[in-house]
Amino acid sequence: MKKLLMGALVLGTVISTSAVKAQQLNTLSAKEKKNGWQLLFDGKSTTGWHTYLKETASPAWKISDNALVLDQEAKKNGAPGGDLVTDGEYENYELSVDWKISEGGNSGIIFSVHEDPAFEQSYLTGPEMQVLDDARHSDGKINKHNSGDLYDLKKSSKNAVKPVGQWNTAKIMKKDGHLTLWLNGVKTVETTIGTPEWDALVANSKFKGWKGFGKYPKGRIALQDHGNVVSYRNIKIRVL
């Protein structure tokens with residue numbers, strides 16, 4: 001009986017701890033609210049988001065375990081794919097988002113996205129912070145294509161990604177064109193859009209000659225559908 005009671009107490013503690021952690025997801029602390037942070041994902045719905053060039057969010061983006069999850073099975077059953085983008089546009093801000101990629105998966109956080117039928121995809125205008133299973137996806141072998149990189153533009157100063165299946169925290173700060181990326185608390189990339197350095201980065205990338213790439217200071221934030229299961233949560237922004 002004593003062992004049963006102890007077991008019940010331990011189990012109750014685990015359940016209680018899990019419940020507390022779940023309650024803390026997709027919320028803002030009093031300090032964050034005071035400092036101007038806003039939630040972009042409430043943990044329950046796709047409110048505030050829509051599929052790029054569509055009015056609403058595709059059902060392929062579902063809510064599971066307090067996260068936005070791209071469900072590839074739903075796409076096989078007819079749900080349209082596509083990048084998920086914010087309803088709002090942002091220019092100077094600090095963005096924080098947790099992500100978890102599936103085995104062999106690929107995705108990205110794309111920003112300064114100009115939504116216009118002239119550009120069929122979000123990546124045609126928006127630079128990207130790479131989200132990847134570096135060890136198993138073929139992009140992991142390509143320079144400037146790893147997690148935390150400014151995709152195809154600038155390589156991370158340090159490899160800071162966690163093993164596939166674990167949650168990572170990315171941060172993007174953009175202020176008057178000055179761009180800084182962090183992954184799991186490690187600064188990975190720093191550059192300034194519109195400078196000679198930036199022009200050189202673009203000229204030496206796949207984006208060379210792309211009409212609208214990196215040309216829009218203000219734009220939407222996108223979560224990329226690259227054909228793999230990916231999860232995002234704790235998405236919050238502070239306008240600077």
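Results, tabulated for the structure shown:
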| quantity | calculated |
| --- | --- |
| The listed residue being hydroxyl-bearing (Ser, Thr, Tyr), within 25 Å of Ser58 (Cβ to Cβ) and surrounded by fewer than 19 Cβ atoms within 10 Å (Cβ to Cβ), out of Ser107, Ser147, Ser96, Ser138 | Ser96 |
| Residue match in the range 24-34 (condition: at pLDDT below 95 and among the aliphatic types (A, V, I, L, M)) | no |
| Some residue of the range 25-42 being over 14 Å from the mean Cα position of the chain (by Cα) and over 23 Å from Gly185 (Cβ atoms) | yes |
| Qualifying residue in the range 90-104 (condition: assigned by TED's automatic domain parsing to the domain that holds Asp42 and in contact with a Pro (Cβ under 6 Å, 6 or more places away or on another chain)) | yes |
| So Phe111, is it among the aromatic types (Phe, Trp, Tyr), outside any helix (DSSP H, G or I) and within 17 Å of the chain's Cα centre (by Cα) | yes |
| Residue within the range 206-227 that is modelled with pLDDT of 95 or more, surrounded by 13 or more Cβ atoms within 10 Å (Cβ to Cβ) and of a type in the set (Asp, Glu) present | yes |
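Matching residues to (1) surrounded by fewer than 16 Cβ atoms within 10 Å (Cβ to Cβ); (2) in contact with a strand residue (DSSP E or B) (Cβ under 7 Å, 6 or more places away or on another chain); (3) without any contact (Cβ under 8 Å) to a residue 12 or more places away in the chain:
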residue	(1), (2), (3)
Lys34	yes, no, yes
Leu39	no, yes, no
Thr56	yes, yes, yes
Leu70	no, yes, no
Gly78	yes, no, yes
Ile101	no, yes, no
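A quick yes/no check of all residues on (1) over 17 Å from Asn106 (Cβ atoms); (2) within 14 Å of the chain's Cα centre (by Cα); (3) not assigned by TED's automatic domain parsing to the domain that holds Ser58:
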position: Val131; (1), (2), (3): no, yes, no
position: His145; (1), (2), (3): no, no, no
position: Asp152; (1), (2), (3): no, no, no
position: Ala160; (1), (2), (3): yes, no, no
position: Thr180; (1), (2), (3): yes, no, no
position: Gly185; (1), (2), (3): yes, no, no
position: Thr188; (1), (2), (3): yes, no, no
position: Glu197; (1), (2), (3): yes, no, no
position: Phe213; (1), (2), (3): yes, no, no
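The values are calculated or read from the model by the stated rules, or taken from the named source; none is laboratory data. Worth saying up front: this structure is predicted, and the values here are computed from it rather than measured. Every residue, glycine as well, gets a Cβ built from its backbone with ideal geometry; the counts of neighbours run over all protein chains shown.
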